[in-house]
1. So Ala194 passes all but one of these: (1) under 30 Å from Met34 (Cα atoms); (2) over 22 Å from the mean Cα position of the chain (by Cα); (3) of a type in the set (Gly, Ala, Ser). Which condition number does it fail?
2. Among Phe77, Phe82, Phe73, which is over 23 Å from Ile142 (Cα atoms), in the same structural domain as Arg132 (by TED's automatic domain parsing), touching a residue at least 60 places away in the same chain (Cβ under 8 Å) and part of a helix (DSSP H, G or I)?
3. Of the residues Leu65, Leu97, which is surrounded by fewer than 19 Cβ atoms within 10 Å (Cβ to Cβ), at pLDDT 95 or above, under 24 Å from the mean Cα position of the chain (by Cα) and in the same structural domain as Ser16 (by TED's automatic domain parsing)?
4. Filtering the range 167-182 down to residues that are part of a loop (DSSP other than H, G, I, E, B) and among the aliphatic types (A, V, I, L, M), which residue is surrounded by the fewest Cβ atoms within 10 Å (Cβ to Cβ)?
5. Picking from Ala245, Ala326, which residue would you name as being assigned to a helix (DSSP H, G or I), farther than 18 Å from Phe354 by Cα, free of Cβ contacts under 8 Å to residues at least 12 places away in the same chain and of a type outside the set (Val, Ile, Thr)?
6. Please state which one of Gly298, Gly257, Gly293 is buried (at least 21 other Cβ atoms within 10 Å of the Cβ), in the same structural domain as Asp335 (by TED's automatic domain parsing) and on the phi > 0 side of the Ramachandran plot.
7. Being touching a strand residue (DSSP E or B) at 6+ places or on another chain (Cβ under 6 Å), small (Gly, Ala, Ser) and not in a loop (DSSP other than H, G, I, E, B) is the filter; apply it to the range 93-146 and report the residue that is farthest from Thr168 (Cα to Cα).
Amino acid sequence: MDDAGRKSYTIVHTESSLGWGGQERRILVEAEAMRQRGHRLLFACDPRGELHRRAGRKAFPVLTLPLRGWRKFMAPFILARFLRAEGVDILNTHSSLDSWVGLGAWLLTGRRPRLVRTRHLSTPVRSSWPTRRLYQAPGAIITTGQVIKDLLRRRVRVPGERIFPIPTGVPLAVFAPRPPDPGLRSRLDLPEGAFVFGTVSVLRSWKGHLYLLEALAELIKEEAPAFLLVVGGGAYRGLIEDKIAALKLEKWVRLPGHQEPIAPWFTLMDAVVMASYANEGVPQAVLQAMAMGKPVVGTQVGGIPEVVIPEETGLLVPPRDPRALARAMARLLADPELGRRLGDKGRELVLAKFSLEHMAQAVEAVYDQVWQQGRAGD
């Protein structure tokens with residue numbers, strides 16, 4: 001136990017993803033928050049993954065876990081040996097591949113660590129027997145939104161009391177209202193006083209960038225003086241550039257690519273748009289924007305409506321509807337007071353429910369529950 005009487009856990013996060021998006025960011029920021037609360041955090045990742053590199057840079061011990069090629073068949077045995085050697089209390093898996101490996105390792109260790117699965121996306125899951133087994137084995141499932149909990153209850157028949165929606169917390173000291181960065185504004189050649197819409201995400205098809213560009217074209221057609229800042233990198237960039245050219249929006253769109261840290265880029269945005277049409281939990285970029293007092297336009301997809309409350313903390317539109325998106329954006333462009341009110345209410349919501357501390361406390365409570373349940377069954 002630590003000084004506050006809480007149990008200090010040794011926790012291993014596994015991840016088979018090679019990329020760097022919201023899911024991988026969540027794992028790392030959660031690990032840092034839990035380490036600050038006195039827990040011991042370790043990682044088991046594919047060596048080619050970005051999380052493997054970044055976790056090492058943050059001074060977390062990282063097990064190199066082979067998750068590609070023929071050596072992946074050895075991964076459960078390698079992980080099981082690691083769990084035993086490190087005296088692991090909680091094994092928290094994330095993607096499908098590493099969850100299968102984690103399940104195998106957990107069985108090989110005699111189910112000694114408590115097994116927890118985090119589901120980050122609202123992508124439909126199969127209702128087959130193997131998938132049900134994968135989700136029914138863990139003592140608890142953490143999701144990044146209520147909509148994902150509902151999906152798992154429906155598709156894989158996991159009891160609701162074993163699923164815990166915990167959106168990614170926001171570090172409030174980092175994402176706080178402040179003036180725009182004049183150097184960045186000048187670098188992007190954004191005219192002084194121009195209204196800037198922004199979006200922040202990995203450039204993937206389902207993030208809806210093409211629909212957002214069509215909405216911007218509608219605004220420009222009405223001679224609205226609006227610019228769009230698209231922050232993020234990814235394989236979809238070429239298609240986005242083609243769409244910009246087809247719509248003749250080169251003058252109005254800025255594509256600075258992947259950026260870190262991201263908070264200074266939010267300062268340039270008068271409003272933030274999340275135009276996704278699939279797969280979302282509660283997007284981190286939405287909560288970060290709200291923490292900085294930015295009004296948000298979001299789509300009725302995944303966990304977005306859990307935090308973008310129409311006319312209170314933001315504006316909601318149907319997915320894949322550029323005209324509806326343009327109308328919502330036009331409202332913010334024409335009514336600065338509406339934007340200020342939505343931004344203030346959004347920040348209040350994040351302060352009350354979605355801080356980094358809120359997330360860490362909620363995750364710790366899940367670990368406490370599975371730990372106590374495991375002790376009762378030992």
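1. Exception for Ala194: condition (1).
2. On the way: Phe77 fails: touching a residue at least 60 places away in the same chain (Cβ under 8 Å); Phe73 fails: touching a residue at least 60 places away in the same chain (Cβ under 8 Å).
Unique residue meeting the criteria: Phe82.
3. Working: Leu65 fails: surrounded by fewer than 19 Cβ atoms within 10 Å (Cβ to Cβ).
Residue meeting the stated conditions: Leu97.
4. Filtering the range 167-182 for residues part of a loop (DSSP other than H, G, I, E, B) gives 167-169, 171-181.
From what is left, the residues that are among the aliphatic types (A, V, I, L, M) are 172-174, 176.
Values: Leu172: 16, Ala173: 9, Val174: 13, Ala176: 13.
Applying the filter and picking the extreme gives Ala173.
5. Details: Ala326 fails: free of Cβ contacts under 8 Å to residues at least 12 places away in the same chain.
Result: Ala245 is the single residue among Ala245, Ala326 that is assigned to a helix (DSSP H, G or I), farther than 18 Å from Phe354 by Cα, free of Cβ contacts under 8 Å to residues at least 12 places away in the same chain and of a type outside the set (Val, Ile, Thr).
6. Numbers: Gly298 fails: on the phi > 0 side of the Ramachandran plot; Gly257 fails: buried (at least 21 other Cβ atoms within 10 Å of the Cβ).
None of the others qualify; the one that does is Gly293.
7. Gly102
The values are calculated or read from the model by the stated rules, or taken from the named source; none is laboratory data. Computed from a predicted structure; not experimentally measured. Because the Cβ atoms are built from the backbone with ideal geometry, glycine has one as well, and the counts that use them run over all protein chains shown.
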